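See structure below.
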Amino acid sequence: MSELSVNHLLGIKYITEDDIQLIFETADHFKEVINRPIKKVPSLRDITIANLFFENSTRTRLSFELAEKRLSADVINFSAASSSVKKGETLIDTVNNILSMKVDMVVMRHPNPGAGVFLSKHIKASIINAGDGAHEHPTQALLDTYSIRERLGEVSGKKVVIVGDILHSRVALSNIFALQKLGAEVKVCGPKTLIPKHIESLGVGYESNLRKALEWCDVANMLRVQNERMDISYFPTTREYTQQYGVNKKLLDSLSKEIVVMHPGPINRGVEITSDVADSSQAIILDQVQNGVAIRMAVLYLLASKINRNIE
Ligand code: CP
């Protein structure tokens with residue numbers, strides 16, 4: 001297979017295992033490119049990409065922009081905080097105004113679930129979902145599973161526990177889809193109040209006890225408690241949350257085997273993960289960030305090659 005089955009990357013739900021493997025193989029190539037002294041290739045030099053961020057981001061936004069620049073695309077950046085959205089402009093009007101400047105691809109982060117799907121039905125450009133509310137964050141799941149493959153050789157057959165605020169997490173849902181498509185077994189762990197009621201219908205197990213979850217897994221993906229998406233309290237205090245669901249070095253050292261620790265960022269040090277774990281060799285947090293550039297280059301390249309243009 002040499003091309004993706006989709007024209008947009010709206011969620012892991014909509015792509016196949018073959019798509020994911022193609023993205024990984026393409027990312028392997030770009031990873032080699034970005035480690036060369038000259039890190040730039042001309043592949044997207046006739047493509048214009050708009051990065052539309054209606055919600056805060058550090059890693060995803062910088063990673064996409066770097067990936068686009070490494071591929072020699074023309075890039076424009078938009079932030080809702082400093083835009084005419086504040087004056088009442090609709091999403092479609094904002095995007096159509098940007099597209100009238102001849103934009104080929106849109107990378108969009110939006111607080112509303114389904115914003116990317118909605119946009120893909122109304123505009124001609126290729127859309128990449130950079131996180132839509134608590135729904136999906138497909139490139140995060142691709143870079144997470146790519147990092148597991150890099151550390152453990154393969155994803156198939158591995159046991160992965162996702163720990164923390166599953167209810168408000170787009171990272172959790174995209175990771176569940178990606179891990180299952182690649183043949184991994186997935187459990188979630190966290191306070192029952194932060195676990196979606198339908199989780200078992202996704203083929204995912206639930207473990208309330210963190211120690212048991214860590215003893216079971218090969219990889220623990222620690223998620224941040226998303227206070228900004230909560231309008232009520234889901235657990236008594238942060239201190240109690242950390243005591244039950246925070247990972248620290250003493251806990252990891254007491255397990256019967258060494259596991260891999262991941263975190264999508266941003267980290268709340270001392271809450272879901274202590275610094276002695278986050279900065280240890282068991283954690284692959286910065287590898288995830290580094291792999292994000294190669295994965296995003298691969299996604300951009302593969303989607304751009306479906307646009308009716310001559311791409312080198
Ligand atoms: N992991 C992630 O999406 O981080 P940002 O919110 O900083 O982009």
Review point. What are the residue pairs meeting all of these: first residue in the range 55-67, first residue closer than 11 Å to PRO266 by Cα and without any contact (Cβ under 8 Å) to a residue 12 or more places away in the chain, second residue in a loop (DSSP other than H, G, I, E, B) and more than 8 Å from the ligand (Cβ to nearest atom), Cβ atoms under 8 Å, and 6 or more apart or on different chains?
Key: none
Exercise for review: Answer with yes or no whether ASP165 is assigned to a loop (DSSP other than H, G, I, E, B), of a type in the set (D, E, K, R) and touching a residue at least 60 places away in the same chain (Cβ under 8 Å).
Suggested key: yes
Revision key, fill the gap. Turns out the helices (runs of 4 or more DSSP H) fully within the range 23-139 with at least 1 residues that are among the aliphatic types (A, V, I, L, M), within 16 Å of the ligand (Cβ to nearest atom) and under 29 Å from ALA178 (Cα atoms) are 59-70, 115-120
Exercise for review: Would you check which residues across the range 3-22 are under 20 Å from LEU182 (Cβ atoms), open to solvent by 10 Å² or more (accessible area, probe 1.4 Å) and not aliphatic (A, V, I, L, M) and list them?
Suggested key: GLU3, SER5, LYS13, TYR14, THR16, GLU17, ASP18, GLN21
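For every residue, the table says whether it meets (1) touching a Phe, Trp or Tyr at 6+ places or on another chain (Cβ under 6 Å); (2) of a type outside the set (Asp, Glu); (3) closer than 19 Å to LYS306 by Cα; (4) free of Cβ contacts under 8 Å to residues at least 24 places away in the same chain.
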site	(1), (2), (3), (4)
LEU71	no, yes, yes, no
ALA125	no, yes, yes, no
ASN129	no, yes, yes, no
ASP144	no, no, no, no
SER147	no, yes, no, no
VAL155	no, yes, no, no
ALA172	no, yes, no, no
Practice item. Answer yes if at least one residue in the range 112-124 is more than 24 Å from ARG229 (Cα to Cα), crowded, with 24+ Cβ neighbours inside 10 Å and in contact with a Leu (Cβ under 6 Å, 6 or more places away or on another chain), and no otherwise. Key: no
Review point. Quick one: is SER201 out of contact with any Leu (no Cβ under 6 Å at 6 or more places or on another chain), open to solvent by 100 Å² or more (accessible area, probe 1.4 Å) and either polar (S, T, N, Q) or farther than 15 Å from ASP165 by Cα (or both)?
Key: no
Review point. Hey, among the residues in the range 232-277 that are part of a strand (DSSP E or B) and of a type in the set (A, V, I, L, M, F, W, C), which one's nearest to ASP144 (Cα to Cα)?
Key: MET262
Review point. Quick check: anything in the range 278-292 closer than 24 Å to LYS159 by Cα, hydroxyl-bearing (Ser, Thr, Tyr) and in contact with a helix residue (DSSP H, G or I) (Cβ under 6 Å, 6 or more places away or on another chain)?
Key: no
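The values are calculated or read from the model by the stated rules, or taken from the named source; none is laboratory data. Remember, it's a predicted structure, so these values are computed and weren't measured experimentally. Don't worry about glycine lacking a Cβ; one is built from the backbone with ideal geometry, like all the others, and counts go over all protein chains shown. Side chains are part of the model used for accessible areas, which takes the heavy atoms of the whole protein and leaves out ligands, DNA and RNA. Shrake-Rupley method; radii C 1.70, N 1.55, O 1.52, S 1.80 Å.
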